[in-house]
Amino acid sequence: MKYPKFTVAGGASLAAPLFLAVSSNLHAQLTWDPALDGGVTPGAGAWDTTTANWWDGAANQTWDNTGATEAIFGDAGANYDVTIATGGVTVGDLSFSGASRLLFRAETDNDGVMTIKPGGAVWDTGGAHILILQNLTNDVGVSIGSGDTLTVNGGGIFNAGEKPNGGAGATWVAAGATLDVTAATDVRGNAGSIGQFDTVELAGGSTFRAERNGNETYGNDWVLEGDVTFTTRFARQENLSGVISGAGRVTIDSTVFQENQVDQTYIFSGDANTYTGGTTVDGTSHVAVLGINNDNKLGAVPGAADADNIVLKGGAYLRMNGAVTIDANRGITLDGGGGFIASGAASSVAGLITGNGGLAIGRTADGSGNVVTLSNSGNDYGGGTNVLRGTVRLGADNAFGSDGPLTVGGLGGVNATVDLEGFDAVVGGVQLGVGNTRQIRNNGATASTLTIDVADTESYNYGGNLTGSSVVNLIKDGPGTQIFDRTSGYTSDFGDLTVNEGALELNNGGTTDVTGDISVTGGTLRVDETLVGVTSVSVTGGALRISSDDCLGSVPGASTPDFLTLDGGTLNVRLSSDTGGSFAIDSNRGMTLGAGGGVIQTTTPSGAWAVTYNGDITGVGSLTKDAAQTLVLGGANSYTGATTVSAGRLILTGSLTSDVTVESGASFVGGDQVTGTGTGTLPSLTLEDGSLLACFINTGAEDATKSVVSGAVTIGSTATLAVIDQGGDVALAGGTKLTLIDYTGGSLSGTFDGLPDGSMLTVGSNTFILDYDDDVNPGTVTLTVQAGSAYDAWVAANYPGVVGGFDDDDDLDGLSNGEEWYFGGTDPLTGGEGSPLVDVVATGAGTFTFTHLRPTDAAGATASYEWSSTLTGAWNPSGGSADGITVTLTDGAATPDVPGYEEVTVTVAVTAGSSDKVFARVNLTMP
């Protein structure tokens, strides 16, 4: 194309395009000059078409109301307060280079409209604050033609006001127009200003803040040129019914919250939004809510799984208004304080839920039914799950985050349900919050397995119900503690109970149905309630603690081998009562010891008590009896491992095929401790130093507990023997034997501490002689009653006031107490009752007789006749000779006299000798 040439002064010529270019860059500008000092001083003033308060660089001018002139508000170092004259003005481009605020207000309320010139305009905030007043009075409206664009440059704040006051001029007119914010800007306004544009384009980094203190609906579309934040000034609900598009991310962030008002909420309710950057709802400072009625309101669905397509942080809230399915590619990240999800109808979340925050279903301020299904098996959020109200339902295995607890309930007066639906789940604990009906339910077609993995030092208590048509298997992992203590029991059943680590407590004191097996591989299962059902119990590690036989489930109708297996684990039998007592484990519960052996502990808070098992223990393992209280074994036990009593007492009333070792501080009884009778049969018995063999006798039945040992009995040098009478302390006849140990065919080595063979033991009114190899019954350890003294019986029956012994003279009458008994039973406490020797009669040359009384039962006493011719020196026995004299004393036939006594005549025969006198006496002794 050829252009015409123009001739100017000097003969030079210019091509037309150059002339036109220069011409197009000429842009008239007027600078706000209310002080008429060349725009130097800012301040208030009226913007009208008649006042010459605009500076053109040379002189003051009135406003060019065509809008062709750019309005300049210079950097004067202070705020501008500009009044739009009644009737308004037409404005084109506008720029503010100050560092403070540029405020536009109307001279007449609702009649100060700023009309954007045809073709649109560019307004530059200069990074500062432009405020177009809308707040009840002196409201300024803005009008722009359809198809035109108001472009806002510069960043800073572009403030379209809080709200119009209802007049026609207050609401902006922008139908078909576009607001294009080209730099990161804090855009503020309301549905009557910003919401009147057809399209609002926001640069990345921008924020839109809804200014009105009231719920509003914005019908405009939004185009995101980058990440954009939506927030509110007040705790109100903002409904965005237009389409949100663009490459940016939407963040809902509430900065002000008033608890007595509704949450600061944004609702996306229009057609499908297409923005691609994802969505964040941030409630870090205050509650933030995003409401949707369809998954497509969250922007374009990612082409692949996007872990943080949705971010809920600081307690933010995603509310699904109706039945909504969150697409599987929309991952949800729970950051910081986690987030809330609720739904007004049955909804589901198929995407991955991750992050370090917790997930809550339902909220205080929301009355929705909250039926939410979680259907991603990879969910690994770490802050736990709290069902505040409504129902959370599993749609896949492992859809709960496993690191935190599952809390059922949290709001007073409302229901909360966890519906497992036949799927498995892993949680960091289960606990009960406040509320009305709170339950874990399995209405699935199959059993669900709930694994509870509690962290160290943590403890959780669930007192809610377990319901549904199918059972729940329970697995306890982790070192912490999980308690189930609903006192009224559960509507539905547990299936299998497994404890691998930590503690699981079932202690409601009521009844719980368990239809499967109980298995403890580690940790502790504590049961303090009645279990109904239970097919078998296995403890291969850790411990099972029970407080009654009912804790093991229903009693089998017949002997059931392997009902209870110990293979490296411990059965802790603990009575709950502080006063002691006892109970029995039913003999139909067959017990097996695996190769790893087993430990049975017997404990109680205080008081003595015992647990009895009369069933048969089988298997190849060993048994250790531990803890302070008593275990009674009464069955025909056939296990082949060793038996060790390391603490407390083992009472054997049945039989063992196992060698028994009793360690220091522990004790053993063979037979029935209660009755003091019966036997315990075993291959060998080793009583180590410091151990105790407790033997119980029954003097009323002349019997004793007896350990029948077919092999070796080994007694440590400091092992002790205790003998206790359970038969009422009946005095036994002398010579009565009680057998404590029968080792016939075996051997015995050692003796009890302080009790060598032949030792005397006094038990009540009986004194026994201990014999380690009885003369009458070889191969037995016996107690034989020592023969009694007739003198002692006489004193006890007639003169209990006697304090002296047999040779003492309590009444000082010259006769010892023993002589008073022997020679007629005179009172040893009253003196002067005469000589016991009477009727001395000469019967011939060298002979004489004398008579005396003696007891018909003189057991324990010895009476010998002796003589002397000088009364000095030793007395001579009957038939002995001295000084040529021989004297023989012969007692003749006795004649009964007083009860218990007889009279005897003694004949004294004397041969010749040198003495003319002979003296005779009876020498009475008591060993």
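Of A210, A183, A191, all but one fail to be among the aliphatic types (A, V, I, L, M) and surrounded by fewer than 22 Cβ atoms within 10 Å (Cβ to Cβ); the exception is A183.
Of the numbered criteria (1) aromatic (F, W, Y); (2) within 19 Å of the chain's Cα centre (by Cα); (3) closer than 23 Å to G355 by Cβ, the one Y462 fails is (3).
I'd like to check something: does region 29-45 contain any residue that is under 21 Å from T115 (Cβ atoms), at pLDDT 50 or above, not in a strand (DSSP E or B) and not small (G, A, S)? For region 29-45, residues under 21 Å from T115 (Cβ atoms), at pLDDT 50 or above, not in a strand (DSSP E or B) and not small (G, A, S): absent. Among the residues of region 760-779, write down those that are in contact (Cβ under 8 Å) with a residue 60 or more places away in the chain and either β-branched (V, I, T) or part of a strand (DSSP E or B) (or both). Within region 760-779, V763, N766 meet the criteria. When the residues of region 530-549 are filtered to those that are in contact (Cβ under 8 Å) with a residue 24 or more places away in the chain and assigned to a loop (DSSP other than H, G, I, E, B), the one that is farthest from I452 (Cα to Cα) is S548.
Hey, among the residues in region 519-529 that are in a strand (DSSP E or B) and not basic (K, R), which one's nearest to G581 (Cα to Cα)? In this case the residue turns out to be V527.
Inside region 542-569, can you point out the residues that are on the phi < 0 side of the Ramachandran plot, in contact with an Asp or Glu (Cβ under 9 Å, 6 or more places away or on another chain) and among the small types (G, A, S)? Those that are on the phi < 0 side of the Ramachandran plot, in contact with an Asp or Glu (Cβ under 9 Å, 6 or more places away or on another chain) and among the small types (G, A, S): S547, S548, S559. Residues being in a strand (DSSP E or B), at pLDDT 95 or above and not acidic (D, E) are represented in region 263-279 by at least one member. Checked against (1) within 21 Å of G690 (Cα to Cα); (2) surrounded by 22 or more Cβ atoms within 10 Å (Cβ to Cβ), L571 passes all but a single condition, namely (1). Entry remark, region 575-586: residues being buried (at least 20 other Cβ atoms within 10 Å of the Cβ) and modelled with pLDDT under 95 number 1 in total. In this structure, T603 does satisfy being within 24 Å of S554 (Cα to Cα), in contact (Cβ under 8 Å) with a residue 24 or more places away in the chain and in contact with a Lys or Arg (Cβ under 9 Å, 6 or more places away or on another chain). Within region 46-74, restricting attention to residues that are in a strand (DSSP E or B) and among the aliphatic types (A, V, I, L, M), the residue that is surrounded by the most Cβ atoms within 10 Å (Cβ to Cβ) is A71. I72 satisfies every condition listed in (1) within 60 Å of the chain's Cα centre (by Cα); (2) over 18 Å from W172 (Cα atoms) except (1).
From the list G541, G516, G510, the one residue that fits, being farther than 22 Å from Y462 by Cα and either in contact with a Phe, Trp or Tyr (Cβ under 9 Å, 6 or more places away or on another chain) or surrounded by fewer than 20 Cβ atoms within 10 Å (Cβ to Cβ) (or both), is G541.
In the condition set (1) assigned to a strand (DSSP E or B); (2) under 23 Å from A647 (Cα atoms); (3) touching a Gly at 6+ places or on another chain (Cβ under 6 Å), V599 is compliant with all but (3). Filtered by the rule that a residue be part of a strand (DSSP E or B) and buried (at least 18 other Cβ atoms within 10 Å of the Cβ), region 559-568 gives F563, L564, T565, L566. Residues in region 497-518 that are more than 15 Å from A543 (Cα to Cα) and either touching a residue at least 40 places away in the same chain (Cβ under 8 Å) or assigned to a loop (DSSP other than H, G, I, E, B) (or both): how many? Final tally of qualifying residues: 7. Scanning region 630-647 for residues that are assigned to a loop (DSSP other than H, G, I, E, B) and surrounded by fewer than 23 Cβ atoms within 10 Å (Cβ to Cβ) yields a count of 8.
Is there a residue in region 779-801 that is more than 30 Å from N698 (Cα to Cα), at pLDDT 85 or above, surrounded by 14 or more Cβ atoms within 10 Å (Cβ to Cβ) and out of contact with any strand residue (DSSP E or B) (no Cβ under 7 Å at 6 or more places or on another chain)? Among the residues of region 779-801, not one is more than 30 Å from N698 (Cα to Cα), at pLDDT 85 or above, surrounded by 14 or more Cβ atoms within 10 Å (Cβ to Cβ) and out of contact with any strand residue (DSSP E or B) (no Cβ under 7 Å at 6 or more places or on another chain), which makes the answer no.
The values are calculated or read from the model by the stated rules, or taken from the named source; none is laboratory data. Since we're looking at a predicted model, the values are computed, not measured. Counting neighbours? That spans all protein chains shown, and the Cβs are built from the backbone with ideal geometry, glycine included.
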